[in-house]
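Below is one structure, written out as structure tokens, with a few remarks after it.
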Amino acid sequence: MTTNSPTILEAREVSRHYPQGRRRLTVLNKVSLSLRAGESLAVVGPSGSGKTTLLGLCAGLDLPDEGEISFGGNVLTGRSEEERATIRREQAGFIFQSFHLLPTLTALENAAVPGELLGWPDARDRAGKLLQEVGLGDRLNHYPSQLSGGEQQRVAVARALVNKPSVLFADEPTGNLDTKTGETIADLLFALNSSADTALILITHDEKLAARADRVLYLRNGEVQK
């Protein structure tokens, strides 16, 4: 990533509120961030600080009550769920704490799913190459139940990258892994972030992991801490 890289994701003064009885609970209050192609950003903060809500807004999974999100040149605010889903399929990759692999599909089939949904004829070829890159070349035909937790997360990483996303959204990607396996997955994420020029927005409680990102955004009570 260079300072000349284009801005691929931008949140401008976004707020999100939820009703709580007769009151209104503010989960995010005028939060702004920007992310360039190939850049990595860690979002940290205590539980309930609004981290996952912010990630969901940036990915277009939900809409802010105030403010604006721009993702890959598309303003998400005001778009329908169908329009936002199309943008996600084409430009976003997701990795979660739980691996969310389909149990009846092999590693290769799981990793190919996003590309196949886009109608790419080479989706399985690309998935196979990514699985090779993440060290699972000999596990292509294994089902999730035949893989360790670390191996399942590697499949999830390959699946997240198969559609060549402009932004990779990772929500506690090492949270369900032991320390050594988590470090391996983190190494993999940052290596692929660099080599694929894919922007990475990472939610984590792990300060060591956060410190590896280009920038860190601290949230507390729904607000950015300076």
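The values are calculated or read from the model by the stated rules, or taken from the named source; none is laboratory data. Only a predicted model underlies this, so the values are computations on that prediction, with no experimental measurement involved. So basically every Cβ, Gly included, is an ideal-geometry build from the backbone, and we count neighbours across all protein chains shown. Heavy atoms of the whole protein, side chains included, go into the accessibility calculation; ligands, DNA and RNA do not. Shrake-Rupley method; radii C 1.70, N 1.55, O 1.52, S 1.80 Å.
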Practice task
From the list E116, E68, pick out the single residue that is more than 29 Å from V27 (Cβ to Cβ) and more than 18 Å from the chain's Cα centre (by Cα).
Solution key: E116
Problem - Hey, A213 of a type in the set (A, V, I, L, M) and farther than 25 Å from G60 by Cα or not - result: no
Exercise for the section: Could you grab me the full set of residues in region 157-212 that are free of Cβ contacts under 8 Å to residues at least 40 places away in the same chain, touching a helix residue (DSSP H, G or I) at 6+ places or on another chain (Cβ under 6 Å) and under 23 Å from S5 (Cβ atoms)? Expected result: A186
Practice task
Starting from region 72-88, take each residue that is within 17 Å of T198 (Cβ to Cβ) and small (G, A, S) and list its partners that are open to solvent by less than 60 Å² (accessible area, probe 1.4 Å) and part of a helix (DSSP H, G or I), counting only C-beta distances under 6 angstrom and pairs at least six apart or across chains.
Solution key: G72/Q91
Fill in the blank from the handout: Only one of L202, L217, L188, L192 is open to solvent by 10 Å² or more (accessible area, probe 1.4 Å) and either in a loop (DSSP other than H, G, I, E, B) or modelled with pLDDT of 90 or more (or both), namely L217
Handout entry: Pick from region 1-57, criterion among the hydroxyl-bearing types (S, T, Y), touching a Leu at 6+ places or on another chain (Cβ under 9 Å) and over 22 Å from R88 (Cα atoms), ranking: surrounded by the most Cβ atoms within 10 Å (Cβ to Cβ)
Key = S49
Fill in the blank from the handout: Here the residues within region 1-53 that are within 18 Å of the chain's Cα centre (by Cα), closer than 22 Å to D187 by Cα and among the polar types (S, T, N, Q) are S40
